[in-house]
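Worksheet: the structure to be examined is printed underneath.
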Amino acid sequence: METNQQMLTRMTLDMRMRGMSQHSLDVYIRCVRFFLEWRSEEGGELDESTARAYLVHLIHAGKHSTGTVNMYNAAIRFFYAVTLNRTINYLQLPRFKKHKTLPEIDQRTAWSCQLEFHRRLSSSGQHHRRDRQPRRPVCPI
C-alpha cells in the first residue's frame, strides 16, 4: 500500500503530464493532502463513501464557501479518477450548489416603474407595430 506522500507525488506527475498550471497543481495537492489527513484521522478507506463523507464534513463545518467546496470536489475527483485509476460515480460526488436569493425591491418603486413602462409604451404607439419590439424604458431599480 502506498503512503500518502507517494500518492501525492504520483498525482503531481499526473497533473504535470496533463499540462496543468502550477497554481492548479498547488491547490489540488493541498486539497487532496487535507483529504488524506482527514481520512487517516477518521480511519476510512479510499472509496467513494469516504470522499462523500469528507465533502459533507466541509459543507457542514460552515467555514467554506461554495467555490471552496467545489474546488475540493474537483481535486478529489481527479485524484480518484486519474491517480488511483478508479471508476467513480460522479452522481455520488455532486457539485455544491450556491443558494441564490432575490434582491429586496421596494414595492412602490417596482409599481411606479411598471406604470411608467406602460405609460411610455402606450404614448409611443409602438404597441401596435408588430415588426419590431418596443424599447423598454430604463427603470431605476
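Cβ separations smaller than 7 Å between residues 6+ apart or across chains give the following pairs from the stretch 44-69 residues that are touching a residue at least 24 places away in the same chain (Cβ under 8 Å) to residues that are in a loop (DSSP other than H, G, I, E, B) and of a type outside the set (A, V, I, L, M): 48/89; 59/96; 66/96; 66/98; 69/96. Is it true that some residue in the stretch 45-59 is assigned to a loop (DSSP other than H, G, I, E, B), farther than 16 Å from residue 94 by Cα, of a type outside the set (Ser, Thr, Tyr) and at pLDDT below 90? Within the stretch 45-59, one or more residues are assigned to a loop (DSSP other than H, G, I, E, B), farther than 16 Å from residue 94 by Cα, of a type outside the set (Ser, Thr, Tyr) and at pLDDT below 90. Here residue 6 fulfils each of the conditions (1) of a type outside the set (A, V, I, L, M); (2) at pLDDT below 95; (3) under 21 Å from residue 92 (Cβ atoms) apart from (3). Evaluating residue 80 against the criteria (1) assigned by TED's automatic domain parsing to the domain that holds residue 11; (2) loosely packed, with under 12 Cβ neighbours inside 10 Å leaves one unmet condition, (2).
Filtered by the rule that a residue be of a type in the set (D, E, K, R), under 19 Å from the mean Cα position of the chain (by Cα) and farther than 19 Å from residue 97 by Cα, the stretch 27-80 gives a lone residue, 30.
In the condition set (1) assigned to a helix (DSSP H, G or I); (2) at positive phi, residue 69 is compliant with all but (2).
Looking at 71, 15, just one residue is closer than 16 Å to residue 93 by Cβ and surrounded by 14 or more Cβ atoms within 10 Å (Cβ to Cβ), and that residue is 71. Counting only residues that are surrounded by fewer than 12 Cβ atoms within 10 Å (Cβ to Cβ), assigned to a loop (DSSP other than H, G, I, E, B) and not polar (S, T, N, Q), how many does the stretch 83-109 have? Matching residues across the stretch 83-109 total 10.
The values are calculated or read from the model by the stated rules, or taken from the named source; none is laboratory data. These figures come from a predicted structure and were not determined experimentally. FYI the Cβ positions are ideal-geometry reconstructions off the backbone, even for glycines, and counts take in every protein chain you see.
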